[in-house]
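Scroll down for the structure; my scribbles are underneath it.
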Amino acid sequence: MTDNSDGVTKVVSRKKSGKENADIPVTIRARLKVARGPDKGKKFELKKSRTVIGRGKQADIQLDDDQASRFHAEISFVNMEFRVKDMHSSNGTFLNGSSVVEYALHNNDKIMIGETLLQLTIELI
C-alpha cells in the first residue's frame, strides 16, 4: 500500500496464487446491510466472486441513491479475501470513513457509497 499526497490509499500488486476468480466457499457467508440511506434495512447476500454496486439497472446490487454512480464500486472475493474497489465513481467510495481506490475488507466494515452506508458481515458457517 502507498499513501498519496491526496490522502487516498492505493494498493500495490501482490503475488497471484491462482485463486483470483474463485467463487465464495459455501462455508463463508457474507452480507451487506444498508444501515443508512434510501434503501435502509435492505440486506444483500454476496454469492459471486464479483458483485457490482451502483444505481444502474445492470448493477448486481442496485441502490436508490442519486449520489451513487451507475457502476460505483465492486466487492470481490480474491485470494481468499473480500476486497472493495471504487469503479471511478463521481463521488468516491469510503471504507470506515476513509476514501479508497481498492482495499481489503473485514467483518463489520462500513462502506459509504453516495448517501448509502453499507455494513459488511462475514461469518463462517
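Could you calculate the contour length gain from Asp23 to Arg70, that is, 0.36 nm times the residue separation minus the distance between their Cα atoms, to one decimal place in nm? Don't skip to the answer; put the middle values down first.
Values: separation 47, 0.36 × 47 = 16.92 nm, distance 2.44 nm.
Length gained, Asp23 through Arg70: 14.5 nm.
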Here the net charge surrounding Pro38, from other residues whose Cβ is less than 9 Å away from its Cβ (Lys, Arg +1; Asp, Glu -1), is -4
Residues whose modelled amide H sits under 5 Å from the amide H of Met87, counting only those 5 or more places away in sequence or on another chain, are Ala73, Glu74
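If packing is taken as the mean number of other Cβ atoms within 10 Å per residue, what is the order of 112-120, 24-32, 80-88, highest first?
Numbers: 112-120: 21.2, 24-32: 14.2, 80-88: 16.4.
Going by the mean number of other Cβ atoms within 10 Å, highest first, we get 112-120, 80-88, 24-32.
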Everything considered on the Cα gyration tensor (a ≥ b ≥ c; rounded for a/c under 1.5, else prolate if a/b is larger than b/c, else oblate), the stretch 32-125 must be described as rounded
Highest mean packing first, using Cβ neighbours within 10 angstrom, the peptides 45-56, 98-109 sort as 45-56, 98-109
With label points set 7 Å from each Cα along the Cα-to-Cβ direction at Gln119 and Lys47, the distance between them in nm comes to 2.4
Placing one equal point scatterer on each C-alpha of the stretch 20-86 and summing with Debye, one gets log10 I(q)/I(0) at q = 0.27 Å⁻¹ equal to -1.24
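Rule-based calculations on the coordinates, nothing more; no lab input. Not measured: the values here are computed from a predicted model. Positions of Cβ are backbone-derived with ideal geometry, glycine not excepted, and every protein chain shown enters the neighbour counts.
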